[in-house]
Amino acid sequence: MEILNVQHLCKTYGSGETRVEALKDVSFTLQKGEFAAVVGESGSGKSTLLHCIGALDTPTAGTVLVDGQNLFAMKEEKRTVFRRRCIGFVFQAYQLVPELDVEQNIIFPLLLDYRRPDPAAVEELLALLGLTERRHHLPSQLSGGQQQRVAIGRALITRPRLILADEPTGNLDSKNSQEVMALLTRASRRYQQTILMITHNNSLTACADRVFRVADGVLTDLGGTRNETLS
């Protein structure tokens, strides 16, 4: 089942001598449950790609379909609601609400959507994240790795069609980076989540089903064998 379909995506900034083509005719698809990684140097266009796919930025041309819905054919209000319900984000900087505890931060997207959290689902997620004993701790009382786990839980709680992870281990040491990658992999398998992660760290791509490289705005599919070995 196809979850993400990106066709001929282009993004241009500026004009004339200051014109920068951040994305050049990018096309690819992801299936349900796929974990894909996009690698590239700083300034290569990978963050722009993620922001356009997540409708945090508007492409100059091209289409982005998430679960068959054309993001940029929607009116802004409808797109905002769709993004909140169907796309989960994991950022490098965690972006937790400091006044809320672990459990409150995780269920926050549901509350924004006026939805009542399922206690059983919250318990299951806290256990998966290894945060059951920390559920009433504030972000300031957590390590960086624990804060990133909370951010992952916040992305998972709505069971979105697609999770976009922007350098999720960028602020973590090697041990916590490995734990976060293992958690994302488990989430992809357990909940059949489709995950697209960008990173500048090539070693993190070992967990991915597919690997893409972005250079000067051009996306290249480097393939992958994880799904083949699992099937």
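The values are calculated or read from the model by the stated rules, or taken from the named source; none is laboratory data. Keep in mind that what you see is a predicted model, and the values were worked out from it rather than measured. Here the Cβ is made from the backbone with ideal geometry for all residues, glycine too, and neighbour counts use every protein chain on show. Just so you know, the surface numbers come from the protein's heavy atoms only, side chains and all, with ligands and any DNA or RNA stripped out. Shrake-Rupley method; radii C 1.70, N 1.55, O 1.52, S 1.80 Å.
With Cα atoms defining each centre, segment 82-161 and segment 27-55 are spaced 23 Å apart in the structure. In the context of the full set of protein chains, the chain has a per residue accessible area of 48 Å² (1.4 Å probe). Multiplying the residue separation of residue 7 and residue 191 by 0.36 nm and subtracting their alpha-carbon distance yields 63.6 nm. Relative contact order for the chain: 29 percent, from Cα pairs under 8 Å spaced at least 6 residues apart, divided by residue count. Given in Å, the Rg to one decimal and the Dmax to the nearest whole number for the Cα atoms of segment 99-231 are 15.7, 46.
Among 179, 123, 17, the largest mean-square fluctuation in a Gaussian network model of the chain (Cα springs under 10 Å) belongs to 17. Just 118, 166, 57 to compare: in a GNM of the chain, with alpha carbon springs under 10 Å, which one fluctuates most? Checking each option, the largest mean-square fluctuation is seen for 118. Fully extending the segment from residue 159 to residue 21, taken as 0.36 nm per residue of separation minus the present Cα-Cα distance, adds 46.3 nm.
With the simple model of a label 7 Å out from the Cα in the direction of the Cβ, residue 56 to residue 178 spans 2.8 nm. Label positions at residue 78 and residue 216, each projected 7 Å from the Cα along the C-beta direction, are separated by 3.9 nm.
Taking the Cβ-Cβ separation of residue 69 and residue 111 as r and a Förster radius of 25 Å, what is the calculated FRET efficiency to the nearest 0.05?
Details: r = 24 Å, r/R0 = 0.95.
With a Förster radius of 25 Å, E is 0.60.
Out of the total accessible area of segment 74-231 (probe 1.4 Å, heavy atoms of protein only), what percent is carbon and sulfur? Of the solvent-accessible surface of segment 74-231, carbon and sulfur hold 50 percent.
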